[in-house]
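Right, one structure below, let's go through it.
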């Protein structure tokens, strides 16, 4: 088919002969991005002009495998440097328009006249591949961002579960704020790991700063206390608020089986210090 030959041979050769012209047109098309070329290169070692030519050649060669791999790589690079999607979209759309300008320029210089079916095929090849690049780029970008946010949240949550030694054998876990299902998983992981690594005998868990704890979280918390007991550590619960006590009593939940309960953290510490 002539459109395939046109793309793979004539258009590639034309682009190779007019690299400077291609870059000039591209920069004129991407007004907001053109002023950030050096900044993006210095910040994230991302060479926009070189990458634009790479994408263009993948399109010309119909190299779907490398195009998708490149899109995934670019998504991670842009997400890692916190570059905006708006800039990337403007840049890729500028590549699309510039590539079409070169198609029309070559067509005029070579005095070619495309049949409607040939032009339709050429339009489909170019636009579909650019759209495929964008789709894979956005998916890769979003996935990487989500992973970064999850890691950051996990770090913050671990920091919000401070297990503090008050003696060689007694540690305190003061909990503050709302405890949701995600955070109670962090509490379980950290509590059991800390007991396993530090081998202390008593863990005082202070709940005086806990504002909200839903029933599924309370049930999970009860299992954490059972795990603490199974590891040979004594759990002491202090500062349970009246509204939380009412909720537990009405649901038939008791902590007495696997934990001792005390009124305040202060009076409990007096006993152990």
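What follows is calculated from the coordinates using simple rules that are stated; it is not laboratory data. Everything numeric here is computed off the predicted structure, so don't read it as measured data. Ideal geometry is used to build each Cβ from the backbone, glycine not excepted, and the neighbour counts take in all protein chains shown.
Brief remarks on what is shown
- P(r) tail fraction, the stretch 2-152 - alpha-carbon pairs more than 19 Å apart, %: 54 percent
- Extent along principal axes [Cα atoms of the stretch 75-157; Å; largest to smallest]: 65, 20, 14
- Folded to 0 to 90 degrees: helix 215-230 orientation relative to the chain principal axis, Cα: 70 degrees
- Protection proxy ranking, peptides 218-230, 8-20, average beta carbon neighbours within 10 Å, highest first: 218-230, 8-20
- Folded to 0 to 90 degrees: helix 19-29 orientation relative to the chain principal axis, Cα: 60 degrees
- Contact order, relative form, for the chain: 15 percent (alpha carbon pairs under 8 Å, 6 or more residues apart, mean separation divided by residue count).
- Among beta bridges from DSSP that stay inside the chain, the antiparallel ones total about 10%.
- Cα-Cα separations in the chain greater than 33 Å, expressed as whole percent: 50 percent
- √(5λ) per eigenvalue of the Cα gyration tensor, the stretch 164-272, largest first, Å: 21, 16, 13
- The stretch 2-152: relative contact order as a whole-number percent, Cα under 8 Å and 6+ apart: 36 percent
- Share of pairwise Cα separations in the stretch 133-189, more than 19 Å, in percent: 49 percent
- Normalised by the number of residues in the stretch 164-272, the mean separation of alpha-carbon contacts (under 8 Å, six or more apart) gives a relative contact order of 28 percent.
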